Amino acid sequence: MTQHRFPAAFAAVVALGAAAPAEAAPVSSHAMVYTCCTPPAMKERIFSEASASGAEFIRVDVELNGIFEGSGSREHPDWRRLDEVLRLARRHDLRVLGLILGVPAWLSACPESGADAPRCAPRDPAEFGRLAGEVAAHARGTIDHWEILNEPDADWAFKGGPEDYARMLSAAHDAIKRSAPEAQVVMGGVERPWEHAWIARVLATPGADAARKFDVAAVHLRLRVTGRASDLARPLRGWRELLAAHGFAGPVWVTEHGYPADIAFQRDPAHRGGDAGQAAFLHESVPLLVAAGAAQVFVT
């Protein structure tokens with residue numbers, strides 16, 4: 001059996017997780033697991049490493065188009081790959097943050113756009129919500145947290161507008177709560193929390209009542225320009241204050257946070273040097289984010 005050496009970043013996460021009680025561990029894993037497409041052996045390895053790192057949650061893409069079209073359909077969903085994720089979660093004693101995305105082509109507002117069709121808004125938000133609720137019902141008992149879209153404020157990830165997202169979030173929230181009342185709905189992690197116009201439009205969408213359609217808010221925080229680990233606390237505090245102004249008092253999760261091991265992309269002058277620089281950055285940044293109000297930090 002080939003031995004696998006954990007990278008230095010995992011050592012930093014293990015140390016952070018060991019410092020806190022298991023029931024309050026602030027560190028989770030954003031491991032880029034795709035329910036539809038990650039090979040089974042790679043899924044097994046990623047779940048195993050996430051568990052060994054002390055992660056409480058692992059964030060997993062759950063693609064509606066992989067379940068409700070192709071070999072599956074509206075009437076005959078293909079649950080095989082999601083069931084594989086559920087088995088891995090139970091085997092490795094990991095909680096899963098299920099990331100709902102991938103609008104099926106038959107529901108997409110732009111089916112003619114080919115590969116971009118799953119990133120478009122649905123023609124019928126209520127049907128999108130119904131599918132999300134069906135997934136939550138199927139996974140009930142193993143997955144109890146559902147994030148609605150990834151970086152919905154970014155054009156690369158979502159081709160709809162903020163009003164489209166508000167209606168999708170609202171419909172998914174209501175359907176999930178009907179099918180799995182104990183489940184928690186997580187607003188899609190925003191790419192640019194310092195740009196407030198997008199979220200203002202989401203929360204102002206008529207009829208969506210979006211400010212009351214999520215239990216957990218989410219944000220993505222990385223150094224995009226040269227700076228320091230401490231620079232990431234300010235946008236997190238600003239995001240929390242913005243949501244509080246709209247009446248949201250629940251927890252905020254950083255569902256993507258990371259720092260490269262490649263020295264060419266290590267933007268913090270205090271943390272350079274490959275794996276060691278990556279680990280040192282995370283060892284500093286994660287506690288800073290927790291102190292600034294992050295209830296969970298998902299390390300990429």
*Identity of the residue in the stretch 64-113, of a type in the set (Asp, Glu) and in contact (Cβ under 8 Å) with a residue 40 or more places away in the chain, that ends up farthest from Gln184 (Cα to Cα)*: Glu84
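For every residue, the table says whether it meets (1) crowded, with 19+ Cβ neighbours inside 10 Å; (2) at pLDDT below 95; (3) farther than 26 Å from Ile100 by Cβ.
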position: Arg201; (1), (2), (3): no, no, no
position: Asp209; (1), (2), (3): no, no, no
position: Val216; (1), (2), (3): yes, no, no
position: Val219; (1), (2), (3): yes, no, no
position: Ala245; (1), (2), (3): no, yes, yes
position: Val254; (1), (2), (3): yes, no, no
position: Val299; (1), (2), (3): yes, no, no
_Scan of the stretch 226-243 for residues that are over 22 Å from Ala279 (Cβ atoms), in contact with a helix residue (DSSP H, G or I) (Cβ under 9 Å, 6 or more places away or on another chain) and either of a type in the set (Lys, Arg) or open to solvent by 10 Å² or more (accessible area, probe 1.4 Å) (or both), ordered by number_ = Gly238, Leu242
_Matching residues, the stretch 51-61, being touching a helix residue (DSSP H, G or I) at 6+ places or on another chain (Cβ under 6 Å) and at pLDDT 95 or above_ = Ile58, Val60
*asked:* I need every pair where a residue in the stretch 267-283 that is aromatic (Phe, Trp, Tyr) has its Cβ under 8 Å from the Cβ of a residue that is modelled with pLDDT of 95 or more and surrounded by 15 or more Cβ atoms within 10 Å (Cβ to Cβ), sequence separation at least 6 or different chains.
replied: Phe281/Ala229; Phe281/Tyr259; Phe281/Gln266; Phe281/Asp268; Phe281/His271
*Just checking, which of Ala295, Ala280, Ala261 is open to solvent by 20 Å² or more (accessible area, probe 1.4 Å), touching a strand residue (DSSP E or B) at 6+ places or on another chain (Cβ under 9 Å) and either more than 14 Å from Val27 (Cα to Cα) or modelled with pLDDT of 95 or more (or both)?*
Ala295
*Subset of the stretch 18-35 (residues that are over 23 Å from Tyr259 (Cβ atoms) and modelled with pLDDT of 95 or more)*: Thr35
*In the set Met187, Met168, which member is open to solvent by less than 30 Å² (accessible area, probe 1.4 Å) and either more than 30 Å from Glu49 (Cα to Cα) or at pLDDT below 95 (or both)?*
Met168
_Members of the stretch 128-141 found to be farther than 13 Å from Leu99 by Cβ and open to solvent by less than 30 Å² (accessible area, probe 1.4 Å), listed by number_ = Phe128, Gly129, Leu131, Gly133
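The values are calculated or read from the model by the stated rules, or taken from the named source; none is laboratory data. Being a predicted model, the structure only gives us computed values, none of them experimental. Here the Cβ is made from the backbone with ideal geometry for all residues, glycine too, and neighbour counts use every protein chain on show. Ligands, DNA and RNA are stripped out before the accessible areas are found, and what is left, the full protein with its side chains, is counted by its heavy atoms. Shrake-Rupley method; radii C 1.70, N 1.55, O 1.52, S 1.80 Å.
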